[in-house]
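Each remark here refers to the structure printed beneath this line.
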Amino acid sequence: MRFSVRHDTLYRYSIPVGLAPHLLRLTPRAERVRMLASQLTIEPPPATRRESVDRFGNRITEVSFAGLSDLLRVESCFDLEISAPPPLQESGLPRLPWSCRAARVPADYWREERQDPAVQNFAETLAAESGRTTVPFLEHLSKTLFRRFHRNIRIEGAAQPPARTLASGRGACRDLTVLFMAACRSLGIAARFVSGYQAHAETAEGDRYLHAWPEVFLPDAGWRGFDPTHGTAVTDGHVALCAAPDQAATMPIEGGFYGDGVTATLDYQVRIATPGA
């Protein structure tokens, strides 16, 4: 599928401020992607700019600024083509729960902390209903979150704890993502949080936002995505910007400013076109 994306972010400050160094995570990840064109415009122009890849494989842009400014504008535009992964196969995967870890996957993606008992029981029930087979469990989990949970758009704030989402039966895409990850990790499956864009509009009016979904690591298949907001597996209708063990390491713009008594406002607009879709 081909994606054309324009993501415009504008911070305005009540008085000119000093801008702290910023970290931008707005360049798509390279998996199954053929980049056709891209441009990242920053106002005011940075004093320094450095491109690199973080330890999770995300492409990042680090910028610093000189002087004062009453705004910060970041516009990311790109055109790309993304291909679908091969179909998932159950053959060779161990029964759930898993007790062995893939050697090439860091421990960050399992998280050692004990899951909430309600989340653990939720995962165990779905695993039993899926015959303790991995791919059917992942598909069942995605469809269950889609069918049973009320989905809402929440612009601000971090993802809520998975137990809260489970108890309330509602959440934004990032909340369903974190619950999906917690359920998988409770059964020994490595999982990570992905931030990016999707082909589907988020509202009937066609409004667009950043989207979130989980990926799990499967031996011989690598990282594979599911989208509990829609109850489907991820194919070529999603473009990943960042993937990390938790949401905090996937924020698209991270930074701050220096100034006393300053008020700030944030406006943004995401435009997505999928020609030929």
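The values are calculated or read from the model by the stated rules, or taken from the named source; none is laboratory data. On a predicted model such as this, the values are computed, not experimentally measured, just so you know. Note: ideal-geometry Cβ built from the backbone for every residue, glycine included; neighbour counts use all protein chains shown. Note: areas computed on protein heavy atoms with side chains; ligands, DNA, RNA excluded. Shrake-Rupley method; radii C 1.70, N 1.55, O 1.52, S 1.80 Å.
Quick notes on this one:
- Local electrostatic count at F257 - Lys and Arg +1, Asp and Glu -1, tallied over other residues with Cβ under 13 Å: -2
- Accessible surface of the chain, 1.4 Å probe, proportion on carbon and sulfur as whole %: 51 percent
- Here region 106-259 is treated with +1 on each Lys and Arg Cβ and -1 on each Asp and Glu Cβ, and its dipole about the Cα centre works out to around 360 debye.
- Translational D in µm²/s for region 1-117 (Stokes-Einstein at 10 °C, 1.306 mPa s, Kirkwood Rh from C-alpha pairs): 87 µm²/s
- Extension gain (nm, one decimal) between S168 and R151, 0.36 nm per residue minus Cα-Cα: 5.0 nm
- Most fluctuating residue given options F149, F56, F180, as computed from a GNM of the chain linking Cα atoms under 10 Å: F56
- Each peptide in 64-72, 210-218 receives the mean, over its residues, of other Cβ atoms within 10 Å, and ordering these scores from highest gives 210-218, 64-72.
- Using just its DSSP H runs of length 4 or more, each adding -39500 (n - 2.57), the chain gives a mean residue ellipticity at 222 nm of -5500 deg cm²/dmol after division by all residues.
- Reduced Cα scattering model of the chain, Debye log10 I(q)/I(0), q = 0.08 Å⁻¹: -0.36
- For the chain, accessible area per residue (1.4 Å probe, heavy atoms of protein chains only), Å²: 48 Å²
- Segments 189-199, 137-147 sorted - mean Cβ within 10 Å per residue, highest first: 189-199, 137-147
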